[in-house]
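What follows is calculated from the coordinates using simple rules that are stated; it is not laboratory data. Since we're looking at a predicted model, the values are computed, not measured. In this analysis, Cβ positions are derived from the backbone assuming ideal geometry, glycine residues included, and neighbour counts consider all displayed protein chains.
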Amino acid sequence: MPFSAQPPAGGERCALSASLDNARHLSSLLRAVHFQDHATCLATASGLRVTVEDAKCIQANAFIQAEIFQEFSVQEESVMFRISLSVLLDCLTIFGTSSLPGTSTALRMCYRGYGYPLMLFLEEGGVVTVCKINTQEPDELLDFDFCSTKVVNKIILQSEGLREAFAELDMTSEVLQITMSPDKPYFRLSTFGNAGSAHLDYPRDSDLMEAFHCNQTQTNRYKVSLLKPSTKALALSCKVSIRTDAQGFLSLQYMIRNEDGQICFVEYYCCPDENITEAELIMKDPKRGGGGDEEKHLKLHFYEMLC
């Protein structure tokens with residue numbers, strides 16, 4: 001029997017049990033949201049969501065569909081707990097961050113329920129390591145209420161286009177200004193750094209633009225310090241969906257394809273910078289117009305960026 005398919009020792013019933021033939025698929029995705037020490041994990045029959053927040057201004061979610069795992073079982077409607085993400089990553093990479101050709105680290109997870117630790121059984125080259133990670137009461141998470149019906153503007157870009165933008169723009173700027181419009185400049189990224197203002201425009205018919213759905217002109221600013229953690233997910237992704245709602249809240253959805261060709265998603269939510277006044281924005285863009293129970297049901301959310 002393969003290691004990943006073996007039942008946990010003692011035959012205890014697990015509220016959550018899962019196995020992967022290659023633990024690196026999970027660790028690489030979790031590193032993309034690792035900008036705080038702790039994370040909240042939510043498991044449903046559809047898969048696993050790992051959420052990280054900072055200062056109630058930014059939230060990152062890593063979504064791992066149940067189909068990614070060789071085995072994935074949740075005995076309750078949902079299972080939720082808080083855990084040290086730093087410790088979890090250390091355990092997942094206990095055999096190293098890269099494997100020899102033809103080898104991988106097999107993983108089995110077991111969580112018995114409230115008050116119990118998360119058990120990890122890792123095997124590589126016949127060597128088995130067992131890790132117990134203490135869990136905590138989950139914190140109440142921010143609800144950005146970012147359902148598709150409230151999206152005002154949405155574009156889908158090939159990720160290389162956004163990676164090039166971040167490399168070219170002046171990141172000494174405190175803010176990144178994003179303009180989305182049905183008319184020119186369509187999609188514009190602006191910074192205001194030590195070297196002055198810089199603008200990067202994307203026409204709607206650009207080869208990098210896979211979808212363009214803008215209903216009204218919006219210009220919003222976001223703190224660069226809040227957006228920087230999302231570059232970890234950007235580096236792994238092949239596509240990115242950029243969405244805004246009427247209040248200027250930003251959603252960045254990254255589609256990530258692992259080395260086996262399986263697709264997972266990482267999403268970042270970010271609040272607009274409220275220190276920027278409406279008058280300042282109008283000066284920068286005279287054409288600017290006015291802005292006009294997903295926690296336990298993840299399946300639709302997994303594929304939303306492709307719609």
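Under the rule a/c < 1.5 gives rounded, and otherwise a/b versus b/c splits prolate from oblate, where does region 164-257 land using the Cα gyration tensor?
Rounded, since a/c falls under 1.5.
What is the P(r) of region 209-280, as percent of Cα-Cα pairs per 10 Å bin from 0?
Once binned at 10 Å, the Cα pair distances of region 209-280 give 17, 44, 29, 8, 1.
In angstroms, what radius of gyration and Dmax does region 93-189 have, counting Cα atoms only?
Over region 93-189's Cα set, Rg and Dmax evaluate to 22.5, 60 Å.
Which FRET efficiency, nearest 0.05, do Glu174 and Arg13 yield, Cβ-Cβ r, R0 51 Å?
Taking R0 as 51 Å, the efficiency between Glu174 and Arg13 is 0.50.
Under a Cβ-Cβ cut-off of 13 Å, what is the net charge of the residues other than Asn194 that fall near it, where Lys and Arg count +1 and Asp and Glu count -1?
Local charge sum for Asn194: -2.
Where Lys and Arg each count +1 and Asp and Glu each count -1, what net charge lies around Val87 among other residues with Cβ under 11 Å from its Cβ?
Once positives and negatives cancel, what remains is -1.
Mind checking the full-extension length gain between Ala211 and Glu259? Use 0.36 nm per residue of separation minus the Cα-Cα distance, one decimal, nm.
That works out to 14.7 nm of additional length.
Using only the Cα atoms of region 9-168, build the gyration tensor, take square roots of its eigenvalues as a ≥ b ≥ c, and label the shape rounded, prolate or oblate: rounded if a/c is under 1.5, else prolate if a/b is larger than b/c, else oblate.
oblate
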